[in-house]
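Q: One structure, as structure tokens, below. Some questions next.
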Amino acid sequence: MTKGKFITLEGMDGAGKSTHVAWIPAFLQARGVKVCLTREPGGTPVGERLRELMLDKAQKLHAETEALLMFAARREHLDKVILPALDAGSWVVCDRFTDATFAYQSGGSGLPWERIAALEAWVQGDLQPDLTLYFDVPSEVGKARTQAVREPDRFELEGRAFFDRVREGYLRRAHDDMRRMRIIDGTAALAEVKQSVENIILSNCF
Ligand code: TMP
């Protein structure tokens, strides 16, 4: 059996990621692909418990604790969900992965980039997503969208300057690996964004 493909979705809070993660599995299934839809932080019982802790507004976490917990959850996720699914020939669609740790814990919170890279190498070895869809929006757009629809979690409480740095972190990752990570203009009309996503998936994965 051939190995499945690993697709991740990234973007700051309010970039539109969740809207698109909702239709991509059916789009792939219609083309005969078996899909495992999952998310980070989370995706396993331990990961979901760590997620609750990390998004809890009552917690004050050091940025290094946050990065280590993200990678602890990721290690479990790779072992229990992502690698077994890929090995069984399923495609994995994951709402956030390691690019988010570079963007949030290094870009946003200021941890050294190389420290995240060391954790990435430790936990993932050579494994990288086959394709990453990065929904790019300015921080004011992300903020306005999240404020309009929900109570903010611990990350969403951060200010504009934090999200400007998150965006810079994502763009740095995208420029470092332009073949894998595709930048999508998340401010475009929904139908246009959807069309771009479909075109990118069709031309890169089939
Ligand atoms: P979500 O709301 O898209 O599910 O993501 C939860 C929050 O977790 C989001 O604000 C970004 C944050 N996050 C990090 O800070 N680092 C990470 O490595 C991941 C995966 C998420």
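Q: To the nearest 10 Å², what's Asp13's accessible area with a 1.4 Å probe?
A: 20 Å²
Q: What is the diffusion coefficient of the range 6-205 in µm²/s, taking the Kirkwood radius over Cα pairs and the Stokes-Einstein relation at 37 °C with a viscosity of 0.692 mPa s?
A: 193 µm²/s
Q: While we're here: Taking the simple approach of a point 7 Å from Cα along Cα-to-Cβ for both Glu140 and Ala188, what is their distance in nm?
A: Between Glu140 and Ala188, the simple spin-label model gives 2.2 nm.
Q: Before I look further, what does the range 56-137 give for accessible area per residue, probe 1.4 Å, in whole square angstrom?
A: In whole numbers, the range 56-137 has 39 Å² accessible per residue.
Q: Label 7 Å along Cα→Cβ of Thr2; the range 122-137 residues with amide nitrogen under 15 Å?
A: Only 130-131 pass the distance filter.
Q: Check the straight Cα-Cα distances from Lys5 and name the lysines below 29 Å, setting aside those fewer than 8 residues away within the same chain.
A: Once the sequence-local lysines are set aside, what remains near Lys5 is Lys17, Lys34, Lys80, Lys194.
Q: Would you work out what percent of the accessible area of the chain, with all protein chains in place, is carbon or sulfur (probe 1.4 Å)?
A: Summing carbon and sulfur atoms, their accessible area is 53 percent of the total for the chain.
Q: Sticking with this structure for a sec: Nearest 500 deg cm²/dmol is fine: what mean residue ellipticity at 222 nm does the chain get from its DSSP H runs of n ≥ 4 alone, each adding -39,500 (n - 2.57), divided by its residue count?
A: Calculated mean residue ellipticity at 222 nm is -14500 deg cm²/dmol.
Q: Between Glu198 and Arg150, what length in nm is gained on full extension when 0.36 nm per residue of separation is reduced by their alpha carbon distance?
A: So the extension gain works out to 14.5 nm.
Q: In whole Å, how far is the Cα centre of the range 155-206 from that of the range 93-112?
A: One Cα centre to the other: 13 Å.
Q: What nm value, rounded to one decimal, do you get for the distance between Leu157 and Ala118 when each label is placed 7 Å out toward the C-beta?
A: Reported label-point gap for Leu157 and Ala118 is 3.0 nm.
The values are calculated or read from the model by the stated rules, or taken from the named source; none is laboratory data. Treat the numbers as computed from the prediction; the structure is a model and nothing was measured. Cβ atoms come from the backbone with ideal geometry, glycine included; neighbour counts cover every protein chain shown. Areas reflect the complete protein model, heavy atoms only, side chains present, ligands, DNA and RNA absent. Shrake-Rupley method; radii C 1.70, N 1.55, O 1.52, S 1.80 Å.
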